Every structure is written in C-alpha cells, then in structure tokens.
1. For the range 51-66, enumerate the residues that are surrounded by 15 or more Cβ atoms within 10 Å (Cβ to Cβ) and either modelled with pLDDT of 95 or more or closer than 17 Å to residue 120 by Cα (or both).
2. Filter the range 28-70 for residues that are of a type outside the set (Gly, Ala, Ser) and in a strand (DSSP E or B) and give the result.
3. Please specify each residue of the range 135-153 satisfying the condition of being farther than 26 Å from residue 53 by Cβ and in a helix (DSSP H, G or I).
4. Output the residue which, of all residues in the range 94-114 that are out of contact with any helix residue (DSSP H, G or I) (no Cβ under 9 Å at 6 or more places or on another chain) and not in a strand (DSSP E or B), is surrounded by the most Cβ atoms within 10 Å (Cβ to Cβ).
5. From the set of residues in the range 125-165 that are among the basic types (Lys, Arg) and exposed (fewer than 13 other Cβ atoms within 10 Å of the Cβ), which is farthest from residue 62 (Cα to Cα)?
6. Does residue 210 meet the test of being surrounded by fewer than 18 Cβ atoms within 10 Å (Cβ to Cβ), acidic (Asp, Glu) and without any contact (Cβ under 8 Å) to a residue 24 or more places away in the chain?
7. Would you check if there is a residue in the range 2-15 being free of Cβ contacts under 8 Å to residues at least 40 places away in the same chain, in a strand (DSSP E or B) and not β-branched (Val, Ile, Thr)?
8. Which residues, taken from the range 71-85, are assigned to a strand (DSSP E or B) and either under 16 Å from residue 107 (Cβ atoms) or touching a strand residue (DSSP E or B) at 6+ places or on another chain (Cβ under 6 Å) (or both)?
Amino acid sequence: MDDETLASWRHEYTSVGLSEHQLAGDPITQFGIWLAQAQEAGIWEPNAMVVSTAGAAGPSSRMVLLKGVTPEGFAFYTNYESRKGEDLATDDRCSLLFPWHPLERQVRIDGLAVRTDPAESDAYFARRPRGAQLGAWASHQSRVVASREVLDAAYAAVSARWPHPGAVPRPDYWGGYRVRPEQVEFWQGRSSRMHDRLRYRRTRDGWVVERLAP
C-alpha cells in the first residue's frame, strides 16, 4: 500500500474540545464518566484496552479487557506465565490505552501493576463462563503450539476433567493485576491536529492537572 493511499485516510476531528473546568477532581472519576459515555455511544467493547509492557525481550503491546475500576486502580486478568506476566514480573511499570475513535477520544494510563489478592482472583474466575475457565487451563498463553489440533485436544482433555458447570478451579498461574495510576491523560481530538491533552499527575499532595501540547 502506497503512502498516498494511507494519507488519504486522514480524518479531520470535529470535537468542540476539552477544557480544564470540565474535568472531575480525580482521574478515576473522570475515567468513569468517559467510560459510561463510550458505552452509551455504542462503542464495541469500550473496556478494551492496549496493555504495554517492557521486559528482557523488549517492549510489547496487546489488547486486554478492563475488568474493574476502583480508587486503587484498573484491574485486568491474565495468565501470569504469559509474555505480559513475565514482563511485569521483572518490571512492574506498564501503560494502558483506551482508543475510543468514534468519540475522537483516547485515555492513556501510566502506572505500576501489582497482582490482585488470590481471593479476588478466585471470585472473578468463578464468574467467568465455563468455556473461558477451561481455556485458562488448556492454553499455555504465549507459548509456541504445534497446531490448532493440539489446542483443541488440550481443551477437550480439560473439558472431560471438569464436565460439570461450577467445578473448574482457578489455575495458580492465572489471576489479576491492578494498575495503580501515576499519570492519566485524557485526549480529545480537535481540528487542525490541535488536540486537547489534559493529564492528571500524581504528587505527594494529590493530583495535579497539566495541559500538554498536541
């Protein structure tokens, strides 16, 4: 695909913008407002986010679903032995990105990831559909697999091991992370690429809001 074709996809943003007086007093509250608006706008999986980590093999990003928001941070669940789990075991810094293109908005969160309490992971795992529970046992996430048939056979084996709903336990290698935000940026598209970027930054005295150049 040539450069002219890619350039022709340029979209001119039309939002009226985002000003400091529109923001809530803290980023968790502001995020909740925008997340609700994304859901109301009909955005497909508005809780889908890009999780970026850095490990021995270099930086890596992937899509994950947000599963909880509290004053303490943003929670998601995964295999602790996956690429992201291995990265976070050596460097707990990570970044989250919510790309809400139809609303001409993005939210970026930089923070530190800590594992959720095992009881919290147990409670969430118990609410998952049985198929997703079995998948957590059948898939050694991020590992090379010989074929689709191998995956299907592994899934069939764990399905036979736990044939009844509600009987699948949480694997020890599977659980949650909560990302404690240090910076949260709310991005609103504007015309002529003069976007609004307002960032909450954590300090000893609480949150400060800063405007960033686009």
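1. 51, 52, 53, 54, 60, 64, 66
2. 49, 50, 51, 53, 59, 62, 63, 64, 65, 69, 70 - these are the residues of the range 28-70 that are of a type outside the set (Gly, Ala, Ser) and in a strand (DSSP E or B).
3. Answer for the range 135-153, where residues must be farther than 26 Å from residue 53 by Cβ and in a helix (DSSP H, G or I): 148, 149, 150, 152, 153.
4. Restricting to residues being out of contact with any helix residue (DSSP H, G or I) (no Cβ under 9 Å at 6 or more places or on another chain) and not in a strand (DSSP E or B), the top hit is 104.
5. Taking the range 125-165 as the starting set, the residues that turn out to be among the basic types (Lys, Arg) are 127-128, 130, 143, 148, 161.
Subsequent filtering for residues that are exposed (fewer than 13 other Cβ atoms within 10 Å of the Cβ) retains 127, 143, 148, 161.
Working: 127: 23, 143: 15, 148: 21, 161: 31 Å.
Filtering first and then ranking leaves 161.
6. Numbers: surrounded by fewer than 18 Cβ atoms within 10 Å (Cβ to Cβ): yes; acidic (Asp, Glu): yes; without any contact (Cβ under 8 Å) to a residue 24 or more places away in the chain: yes.
In short, yes.
7. Checking the range 2-15: not a single residue is free of Cβ contacts under 8 Å to residues at least 40 places away in the same chain, in a strand (DSSP E or B) and not β-branched (Val, Ile, Thr).
8. 73, 74, 75, 76, 77, 79
The values are calculated or read from the model by the stated rules, or taken from the named source; none is laboratory data. Nothing here was measured: the structure is a model prediction, and the numbers come from that model. FYI the Cβ positions are ideal-geometry reconstructions off the backbone, even for glycines, and counts take in every protein chain you see.
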